[in-house]
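Remarks on the structure that follows.
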Amino acid sequence: MELRQLEHFVTVAEERHFTRAAELLQISQSGLSASIRSLEQELGTSLFIRSTRRVELTTAGQALLADSVRTLASAAAARNAVAAVRGLVRGRLTIGAEPCLGSVDLPAELAAFRTANPGVEVRLRYSGSEELVDAVAGGRADVAVVVDTGHTPGGVRLRPLSTQSLLVLCHPEHRFAAEDSVPIEALRGEPLVGFQEGWAAQTLARRAFAAAGFDYRAAMEVNDVHPLLDLVGYNLGIAVVPASFARKRPEQLRAVTLSGDVPEWTVAVAVSDEPSPAAAAFLRQLARVEAPTPVDASTISA
């Protein structure tokens, strides 16, 4: 069993697709298939259930995946440690982020990092905060820029970057639009536009509603900020979002302060207890980022 085969196996397992995995690995699909078949023959069992559209892990494949990820991470750490002794930052940096956090200009930070560290291959994927924290804990990501929802597995540290308030975003003709502030209890029964499960805004809103004694139920769920703003703009519901989201449509939507037992929106960097040299370099870069000025609802819309 070779590290190369394990890397091929892990990439197919993560992508659930041989063609996409081959593109990421920059090898031919036939070469990738041959590598997986060789590994399966060595282990004496099938690792994937193949179909015309996607592949799924078998029970044996699921058992192999976690150890494969750890083995590859250990091998990469060893190579990177040797490079670090020589004053070089090498290897791969896998970064996760929840979109539109309102704290870090991630594309600009990635561009600056790649310029300063040309020997590091940078990978990026977007997802919900809790899934990304789990990815750091499982070695599938080196660093994740997330919202602190209170979910912090063992072996992961969260370094806060900025904090802002959650507020109510509504159409200018909505009854809340004339208010300076509304209590969380006033949202009971209101049509909601929200994010899908796993996004921090949904997690925090659900927690606030539960503390107020009622359930969070969004009639319309999205996985991107701009469709949410569009739906609120057509007065199809209100949304509970961080204040920075309201800056995107200050003239079309009304931002109203939300009072009561409402959690804060704290953007943080999730990193393992023992970050790789590349991850440590990225953290040092982020430490120099000046946090944006806190956003207050009263400054967004009149």
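Give the distance, in whole Å, between the Cα centre of the stretch 14-64 and the Cα centre of the stretch 179-241.
40
With θ taken as phi - 60° and the coefficients 6.51, -1.76 and 1.60, list the Karplus ³J(HN,Hα) couplings across the stretch 167-175 in order, rounded to whole Hz; mark glycine and proline as x.
Taking θ as phi minus 60°, the curve returns 9, 9, 10, 9, 6, x, 8, 5, 5 Hz for the stretch 167-175.
Say we join alpha carbon atoms closer than 10 Å with springs in a Gaussian network model of the chain; which of A218, A200, A75 then has the biggest fluctuation?
A75
Pop out the ³J(HN,Hα) list for the stretch 104-112 in order, Karplus 6.51 cos²θ - 1.76 cosθ + 1.60 with θ = phi - 60°, rounded to Hz; leave Gly and Pro as x.
In residue order, the calculated couplings are 10, 7, 4, x, 5, 5, 5, 5, 5 Hz.
Put +1 on the Cβ of every Lys and Arg and -1 on every Asp and Glu Cβ in the chain; which of S33, L167, L124 then has its Cα farthest towards the positive end of the dipole?
Positive-most Cα among the choices belongs to S33.
Before rounding to the nearest 500, sum -39500 (n - 2.57) across all DSSP H runs of length at least 4 in the chain and divide by the residue total; then give [θ] at 222 nm in deg cm²/dmol.
That comes out to -12500 deg cm²/dmol.
Between R159 and R175, what length in nm is gained on full extension when 0.36 nm per residue of separation is reduced by their alpha carbon distance?
Taking R159 through R175 to full extension adds about 1.9 nm, to one decimal.
Note the listed values [x] 20.3; [y] 19.4; [z] 21.4, then indicate which one is Kirkwood radius over Cα pairs in Å calculated from this particular structure.
Working out Kirkwood radius over Cα pairs in Å from the coordinates points to [z].
Name the residue, out of I49, I95, I238, whose mean-square fluctuation peaks in a Gaussian network model built on the chain with Cα pairs under 10 Å.
Result for the chain, Cα springs under 10 Å: I49 fluctuates most.
Can you tell me which of R188, R37, R217 moves the most in a GNM of the chain? Springs connect C-alpha atoms under 10 Å apart.
Maximum among the listed residues: R37.
Just subtract the alpha-carbon distance of E23 and T152 from 0.36 nm times their residue separation and send over the number in nm, one decimal.
Numbers: separation 129, 0.36 × 129 = 46.44 nm, distance 3.29 nm.
Contour length minus Cα-Cα distance gives 43.2 nm.
For D230 and D105 in the same chain, what is the full-extension length gain: residue separation times 0.36 nm, less their Cα-Cα distance, in nm?
42.7 nm
Alpha carbon centre of the stretch 245-278 versus the stretch 99-136: separation in Å?
If we compute the Cα centre of each part, the gap is 16 Å.
No value in this document is a laboratory result; all are computed from the given coordinates. Keep in mind that this is a model prediction, so the values were computed, not measured. Glycine gets a Cβ as well: all are built from the backbone with ideal geometry, and neighbour counts include every protein chain shown.
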